[in-house]
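Chemist: Let me give you the structure first, and then I'll get to my questions.
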Amino acid sequence: MARYTRLTEPIALITLNNPPVNALSSAVRSGIVDSVSQALKDDQVKAVVFCGENRMFSGGADIKEFSGSMSGPPLVRMIHSIEASEKLMVAAIEGVALGGGLELALGCHYRVANTKARLGLPEVTLGFLPGAGGTQRLPRLTGITAALELITTGRQISAQEALQLGIVDQVTEGNAVQAAMELALSVIGQPLNPRRLSLRPPVWSADVDSVCEVALARVKQHSRGAMAPVACVQAVRAAAMLPYSKGMEKERQLMDTLFRSSQARALQYAFFAQRNAGKWSLPNGARWNNTKARDVQRVGVIGLGTMGRGIAVSLVKAGLSVVALESDAKQLESGKKAVTAMLQRDAQRRGVGSPLHLLTFALSFHQLKDVDLVIEAVFEDMNLKKRVFSDLCKVLRAGTLICTNTSGLNVDELAKVTDRQHLVVGMHFFAPAHVMKLLEVVYGSRSSPEAVAVAMALGKRIQKVCVAVGNCPGFVGNRMLKLYMDQSLYLLEEGATPEQVDQALEEFGFAMGIFKVADLSGLDVGWRVRKASGLIGPDIDPVNPSRWRLGQRYCPLPDMLCQQGRFGQKTGRGWYLYNSPGSKEAKPDPEILNFLEDYRLKYGITPQRISSQEVIERCAFSLANEGFRILEDGIAAGPEDIDVIYLFGYGWPRHRGGPMFYASQVGLSVVLEKMEHYHRIHPDVPSLEPSRLLRRLVAEGSPPIQQWRNHIKNLHSQL
């Protein structure tokens, strides 16, 4: 898996060969060790150039090996022997040098990169730190501050930035191997000790302690409970404060702790779940990824509100031709200005030409007659969407797909008004659509595998994480979100405060608590939806002693706030108080405490002490419990799909793996026991009743999450 080639010059070439990214598997490491040994024994060889097959240096460690016992030569020892070699070692970087791949390159005496190469140490995203000397060698090249930023974020950088930081010695637009060989010939015979990073002192900052303290505060704020970023800061600090050998020992100790942690398992699970999210069979057995997706080059977007604008920008950035349509000239002009500005800012930031030539703005449906696919993004109103779908069928070609960006409306109902039910699917984007990575592709009962394949392929092309889901109210994400929101409101009724609930959720790992998110989004948005659904209305007192609506417990607290004009950040008042409308700094509001006390007093609710543990159990376990029901109903194929949706669409902390993975880590029997406990206390909340699938999995010994799909299939076969 590492090929040794003796060249005519006094240079040997070691080529890593483990497609697609030349991961440093056991076999590759063994091949490198054998090849280096061969080069060292050859008196004619004065220098060795490392490169990767197919113009790809190395994507790093083979993650699949982490789940079993490690075999083969240790990466740390291998890199140390390369650095200690008395023969010149040069890395020729093309494609990527990530993680262990970059650490291998740092062990070489010189590094040459192609201008299109990407470099980075992304181990933190998998719950680790760069454990093969990366935390010790990189600061000796870049300085402490830059090393901290790169290692704690896992950010990938360009070859040009790597050159500026001193990580590579040369950047070439041509063949990196050829450039590396030329560099080797020019420096053969020069002393190697100055090039051995382990012998260099780190590039000190003015005050290492203060720099590390700032970095530590930053990662704690952004990572909220994640262990790996904190460990990365500690390892880099060791590089600055300790001799190299002691720093390596500290790196090893920190790596050992992380390697055994549940967070690392969660992050690796999330990595593979994201990879596999799109590989799913539809209920009829057809696999979208085995179905050839027709080519899409021209797309129509109907509606240029917030969602439509983001969708249009995403499509244009991917090189697709877009016809953006509005029904009103004033709204069209407003949308045009917004989309144009967004694209121009993006092009300026990336240093590329503006793609505005791909955009056409229109007021007439007839201008959509030649598109390959249409995405409807009008207001979330079933009758309005039906009219749009019906009008589209009068102008579109027979084979054109019609997609709806609905967050929860019935896709089958929309399809019924068309002449092409098999070509109708949902494409549920998340706001802002040009930023958020998640895309739920919703198939109806009549949606064809081909239609799903086209939507999934289009989502992938615009760089979304796509998950195919079934058709039900709210689909997967919003169906579960309702239970999460309900529990948070019930906790307020029972004695909690908004800041108490939010603090517990943020300490759990969410970037923002649910009430801060509600203020950010605008409380009036949900209020309008509830009015439209009949839950509240002018003829209904928003508060009544039973607190029930349409056969279920209903909490009117958000409606009561909206009646007071408290819409959140936009009005300067919501669940929190803000200095001014539009301000983002949330402050506890004494008026809210009085409001909640009056509410409880009026309806005879005796406030209870609510612990942070109860907040997490009620909110997180309710999410998982509804996730089990979704799996029962066949709306999602497996727990990984649900977890990917929550990781990329709803801010679930990545180091917790997702609500389904979290349930598996806590223990399904524990989740069952807690749900039974809370349902006994709150029998008026049917959603707290444990799901049938949860009970069944516990009865069958709580199998690991990787085996749940088989149990789900067995359950479906018996229904």
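The values are calculated or read from the model by the stated rules, or taken from the named source; none is laboratory data. Nothing here was measured: the structure is a model prediction, and the numbers come from that model. With ideal geometry, Cβ positions are generated from the backbone for all residues, glycine too; neighbour counts draw on all protein chains shown.
Chemist: Hey, could you check region 173-210 for residues that are out of contact with any strand residue (DSSP E or B) (no Cβ under 6 Å at 6 or more places or on another chain) and within 20 Å of R118 (Cα to Cα) and say which is surrounded by the most Cβ atoms within 10 Å (Cβ to Cβ)?
Modeler: Selected residue: N175.
Chemist: So, one more: Identify, please: which residue in region 705-719 is surrounded by fewer than 18 Cβ atoms within 10 Å (Cβ to Cβ) and under 27 Å from Q487 (Cβ atoms) and is, among those, farthest from the chain's Cα centre (by Cα)?
Modeler: Here the residue is L715.
Chemist: How about region 444-475: which of its residues are charged (D, E, K, R) and assigned to a helix (DSSP H, G or I)?
Modeler: E450, K460, R461
Chemist: Restricting to region 9-38, count the residues that are in a helix (DSSP H, G or I), closer than 22 Å to R118 by Cβ and of a type in the set (S, T, N, Q).
Modeler: Of the residues in region 9-38, 0 are in a helix (DSSP H, G or I), closer than 22 Å to R118 by Cβ and of a type in the set (S, T, N, Q).
Chemist: Out of region 671-704, which residues are among the aliphatic types (A, V, I, L, M) and within 24 Å of K482 (Cβ to Cβ)?
Modeler: The answer is V671, L672, M675, I681, V685, L688, L693, L694, L697.
Chemist: When N714 is evaluated against the numbered criteria (1) polar (S, T, N, Q); (2) assigned to a helix (DSSP H, G or I); (3) on the phi > 0 side of the Ramachandran plot, which criterion, by number, is the only one it fails?
Modeler: The one condition N714 does not meet is (3).
Chemist: Scan region 4-23 and tell me whether some residue there is touching a Ser or Thr at 6+ places or on another chain (Cβ under 8 Å), surrounded by fewer than 15 Cβ atoms within 10 Å (Cβ to Cβ) and not aromatic (F, W, Y).
Modeler: yes
Chemist: Tell me, which residue of region 544-587 that is crowded, with 16+ Cβ neighbours inside 10 Å and at pLDDT below 65 is farthest from Q503 (Cα to Cα)?
Modeler: This residue is R549.
Chemist: Is there a residue in region 408-431 that is among the aromatic types (F, W, Y), part of a helix (DSSP H, G or I) and touching a helix residue (DSSP H, G or I) at 6+ places or on another chain (Cβ under 9 Å)?
Modeler: The answer is no; no qualifying residue exists.
Chemist: Determine which single condition Y578 fails, assuming it passes every other condition in (1) in the same structural domain as K674 (by TED's automatic domain parsing); (2) more than 19 Å from the chain's Cα centre (by Cα).
Modeler: The number of the failed condition is (1).
Chemist: Residues that are surrounded by 24 or more Cβ atoms within 10 Å (Cβ to Cβ) and among the charged types (D, E, K, R), at least 1 per element: which strands (runs of 3 or more DSSP E) completely within region 39-129 meet that?
Modeler: 110-114
Chemist: Step by step: first the residues of region 588-614, then only those that are among the β-branched types (V, I, T) and part of a loop (DSSP other than H, G, I, E, B), then the one that is surrounded by the fewest Cβ atoms within 10 Å (Cβ to Cβ). Which residue is that?
Modeler: Of everything passing the filter in region 588-614, T606 is surrounded by the fewest Cβ atoms within 10 Å (Cβ to Cβ).
Chemist: Let me ask something else about it. On the given criteria, is T404 among the hydroxyl-bearing types (S, T, Y) and surrounded by 19 or more Cβ atoms within 10 Å (Cβ to Cβ)?
Modeler: Taking the combined requirement at face value, the residue satisfies it.
Chemist: Another one. Conditions first: (1) modelled with pLDDT of 95 or more; (2) more than 21 Å from S447 (Cβ to Cβ). L356 passes all but one, so which condition is the exception?
Modeler: (1)
Chemist: Still on this model: Scan region 479-504 for residues that are polar (S, T, N, Q) and surrounded by fewer than 20 Cβ atoms within 10 Å (Cβ to Cβ) and report the count.
Modeler: 3
Chemist: So if I check each of G174, G189, G225, which one is outside any helix (DSSP H, G or I) and under 23 Å from the mean Cα position of the chain (by Cα)?
Modeler: Answer to the check: G225.
So that you can scan it fast, the table gives a plain yes or no per residue for (1) without any contact (Cβ under 8 Å) to a residue 24 or more places away in the chain; (2) closer than 17 Å to S521 by Cα:
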position: L561; (1), (2): no, yes
position: G574; (1), (2): no, yes
position: S583; (1), (2): yes, yes
position: D589; (1), (2): yes, no
position: I592; (1), (2): no, no
position: F595; (1), (2): no, no
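Chemist: Does region 232-246 contain any residue that is within 27 Å of F271 (Cβ to Cβ) and surrounded by fewer than 20 Cβ atoms within 10 Å (Cβ to Cβ)?
Modeler: Yes, region 232-246 has at least one match.
Chemist: V395 - would you say it is under 18 Å from V323 (Cβ atoms), β-branched (V, I, T), surrounded by fewer than 20 Cβ atoms within 10 Å (Cβ to Cβ) and at pLDDT 95 or above?
Modeler: Answer is yes for this residue.
Chemist: A217 - would you say it is more than 30 Å from G651 (Cα to Cα) and part of a helix (DSSP H, G or I)?
Modeler: no
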